[in-house]
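Novice: One structure coming up, written as structure tokens, with questions to follow.
Each reported figure results from applying straightforward, stated rules to the coordinates on display, with no laboratory input. On a predicted model such as this, the values are computed, not experimentally measured, just so you know. Cβ atoms come from the backbone with ideal geometry, glycine included; neighbour counts cover every protein chain shown.
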Amino acid sequence: MTDFRFDLRRGALITAVLALLSSVFLVLPASADTEPFDDCPQGQFCLYDGSGGTGTRLDVAEGGKDEDHPGTILSVQNNTRMWGCVYTADRYGGSLQTVKPGNDDEYVTDGVRWTVASYKLVPTRALCFTGYERCENGKACTFAERNGRGAMTVHVPAVDPATQNLGNSYGTEVAPKSVWNRTAKHLCFYLRPDYTGTWTEGTKTYGAYVVLRGDSITVPASLAGAFRSHELVNGTSECQ
């Protein structure tokens, strides 16, 4: 009988210890630290002013964009169905990072900050590499960078007294590197502000660079930033 009572007490002690351990294990997950980016809601592109999803959070819905973001962005979480496009310069210019749906990204590496100045959310990754969509139908738009990126100039042509063609003259502040002609006319670009100027490639000399109606183009490297005027014409033979 003595041995039996001893076994009962030992069994009760073991049961109590196991119960205590179980209660500890049940409490641990609730007290664990929140995982990075866990606070980002579904359907939102979350921008944080701290690395690793820390600091103040800004939520952006699908299709959102900002061509000139004034604040600091050091990390992002993309919980949308769209691609996040993040740029180092305003107007979708400079270097580019893309953020796949469901992924996060970090903009501090080894203590070096990657400046974020603009962003947009688009249906496909390919659309991160262009900015032509900013040009409205019926307008002629030039861009400071390739593929419609960078600062955009929307041209409102005036009538040239000599040719009666609609045209614009401008200086280095425009310096087109890409163009979208969304008008019903053709665009003739020139190297000089007075709708003149020629350049030679091989054995041929050219007086105008033509962008047909409806076309978007990246200007050849040899001419990028060189145009100083353009006209809108009905036929390419009207180029001066």
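Novice: Below 15 angstrom from the Cβ of TRP199, what's the summed charge of the other residues (Lys, Arg +1; Asp, Glu -1)?
Specialist: +2
Novice: Next up: For the residues TYR209, TYR195, what sequence is obtained by ranking on other C-beta atoms within 10 Å, fewest first?
Specialist: Values: TYR209 21, TYR195 24.
Ranking TYR209, TYR195 by Cβ neighbours within 10 Å, fewest first, gives TYR209, TYR195.
Novice: To the nearest 10 degrees, how steeply does helix 2-31 sit against the main Cα axis of the chain, on a 0 to 90 scale?
Specialist: Long axis of 2-31 versus the principal axis of the chain: about 20 degrees.
Novice: As a test of the formula, what do you get for the chain when each DSSP H run with n ≥ 4 contributes -39,500 (n - 2.57) and the sum is divided by the residue count, at 222 nm and rounded to the nearest 500 deg cm²/dmol? Walk me through the numbers on the way to the answer.
Specialist: Values: 1 runs with 30 residues, N = 240.
That calculation yields -4500 deg cm²/dmol at 222 nm.
Novice: When a footprinting reagent is the concern and you count Cβ atoms within 10 Å, what order do PHE143, PHE37, PHE45, PHE129 take, fewest first? If you can, show how the numbers build up before the last one.
Specialist: Working: PHE143 30, PHE37 19, PHE45 26, PHE129 15.
Ordered by Cβ neighbours within 10 Å, fewest first: PHE129, PHE37, PHE45, PHE143.
Novice: Tell me which aspartates and glutamates have Cα within less than 12 Å of LYS65's Cα, excluding those fewer than 8 residues away on the same chain?
Specialist: Of all the aspartates and glutamates, those that pass the test against LYS65 - Cα under 12 Å, at least 8 places apart if same chain - are ASP90.
Novice: List the lysines whose Cα sits under 28 Å from the Cα of LYS204, skipping any in the same chain fewer than 8 residues away.
Specialist: Partners within reach: LYS177, LYS185.
Novice: OK, next. Could you point to the residue in GLY235, TRP199, HIS186 farthest towards the positive end of the chain's charge dipole, with +1 and -1 charges on the Cβ of Lys/Arg and Asp/Glu respectively?
Specialist: About the Cα centre, the residue reaching furthest to the positive side is GLY235.
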